[in-house]
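**Q** Would you mind keeping the following structure in view while I ask a few things?
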Amino acid sequence: MRSIKILVLSVIALFVASCLVTSVHPLYTEKDLTFVPELVGTWENDDVWIFEQSGKNAYELTIKEQDSAKTGVYETHLVKLGKYLFLDLYPEESEMEDSVYELHLVPTHSFWRIEIEKDVLRIAYIDIEWLERMIDGNKVNIAHVRLEDRVVLTAPTEELQKFVLKYAEDTDAFPETEELNRKKQD
């Protein structure tokens with residue numbers, strides 16, 4: 001059980017360190033979900049992303065760091081909003097012995113705009129510094145809280161969807177696109 005605690009803390013540290021914008025609500029409703037079989041498989045760059053089907057419109061995503069034993073497992077949904085695809089990641093529940101400690105952990109959603117083109121998966125997430133500047137400058141009005149060095153969105157799903165659709169093509173909002181390549185079968 002100690003290793004599970006360490007794993008959970010490592011995954012949380014990984015997310016905090018990368019400064020992802022997270023949300024207490026999902027980006028999807030049932031009608032927004034889609035399943036793309038081409039996403040299933042193993043994708044690589046600095047990390048390894050393994051997508052497995054886990055329901056009609058759901059995936060289980062395992063992210064493994066290349067040079068480490070760190071692994072995170074996420075309930076993942078593919079969300080179609082207009083012409084865009086987004087992944088909604090939500091951490092799988094852990095089995096921790098310390099229930100008081102576990103009550104202090106609040107799982108959140110993160111969402112990533114994606115494009116799948118043959119054997120290339122392009123992912124981009126919202127830039128936290130851009131979002132903070134937009135909020136501070138009253139250019140974005142979306143319900144949120146600030147926790148230490150991160151923004152946690154508290155807006156309901158409908159508002160989240162409007163927000164990501166409005167900025168989906170904004171290269172300041174989604175500045176970096178990371179490419180993962182499909183792992184070739186041996």
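**Q** Can you tell me what share of the DSSP beta bridges in the range 2-182 is antiparallel? A percent to the nearest 5 is fine.
**A** About 95 percent, rounded to the nearest 5.
**Q** Of all GluC sites (Glu not before Pro) in the range 19-58, which ones are in loop regions per DSSP and have a Cβ with at most 14 other Cβ atoms within 10 Å?
**A** Passing sites in the range 19-58 do not exist.
**Q** Ok, one more. Each residue of the range 74-90 in order: what ³J(HN,Hα) in whole Hz does its phi give by Karplus 6.51 cos²θ - 1.76 cosθ + 1.60, θ = phi - 60°, with x for Gly and Pro?
**A** Working through the residues one at a time gives 10, 6, 10, 10, 9, 10, 9, 10, x, 8, 9, 10, 10, 9, 10, 9, 9 Hz.
**Q** Which order do HIS104, HIS77 fall in if you start with the one that has the fewest other Cβ atoms within 10 Å? Intermediate values should be presented prior to the final figure.
**A** Values: HIS104 7, HIS77 26.
The fewest-first ordering by Cβ neighbours comes to HIS104, HIS77.
**Q** Can you give me the Rg/Rh ratio for the range 46-125, using Cα atoms for both radii and the Kirkwood formula for Rh? All intermediate terms of the calculation are to be shown ahead of the outcome.
**A** Numbers: Rg = 14.4 Å, Rh = 14.2 Å.
In the range 46-125, Rg relative to Rh is 1.02.
**Q** ³J(HN,Hα) across the range 29-44 via Karplus (A = 6.51, B = -1.76, C = 1.60, θ = phi - 60°), whole Hz, x for Gly/Pro?
**A** So the Karplus estimates, Gly and Pro as x, are 10, 4, 6, 8, 6, 9, 10, 10, x, 4, 6, 5, x, 10, 10, 9 Hz.
**Q** If you don't mind, another one. Label VAL36 and GLU52 with points 7 Å out from Cα along Cα→Cβ: what is the distance between them in nm?
**A** 2.2 nm
**Q** What does the charge count around GLN66 come to, taking other residues whose C-beta lies under 14 Å from its C-beta (Lys +1, Arg +1, Asp -1, Glu -1)? Could you put the intermediate results ahead of the total?
**A** Details: positive: LYS64, LYS70, LYS183; negative: GLU44, ASP46, ASP47, GLU65, ASP67, GLU178.
Every neighbour counted, the sum reads -3.
**Q** For the range 2-182, how big is Rg over Rh, using alpha carbon atoms and the Kirkwood form of Rh?
**A** With Rg and the Kirkwood Rh in hand, the quotient comes to 0.95.
**Q** I want the local charge near ILE116. Using Cβ-Cβ distances under 10 Å, sum +1 for each Lys or Arg and -1 for each Asp or Glu among the other residues.
**A** Value of the local net charge: -1.
**Q** For a footprinting-style exposure proxy, rank LEU147, LEU78 by other Cβ within 10 Å, fewest first.
**A** In increasing order of surrounding Cβ atoms, one gets LEU147, LEU78.
**Q** Now for a separate question. Checking the cross-link filter: which lysines have an alpha carbon closer than 23 Å to that of LYS56, excluding same-chain neighbours under 8 positions apart?
**A** Answer for LYS56, where 23 Å is the Cα cut-off: LYS31, LYS80, LYS83, LYS118, listed by chain and number.
Just so you know, all these numbers are worked out from the coordinates, no wet-lab data involved. Owing to the predicted nature of the structure, the values given are computational and were not obtained by experimental measurement. Using ideal geometry, Cβ is built from the backbone for each residue, glycine included, and neighbour counts are taken over all protein chains shown.
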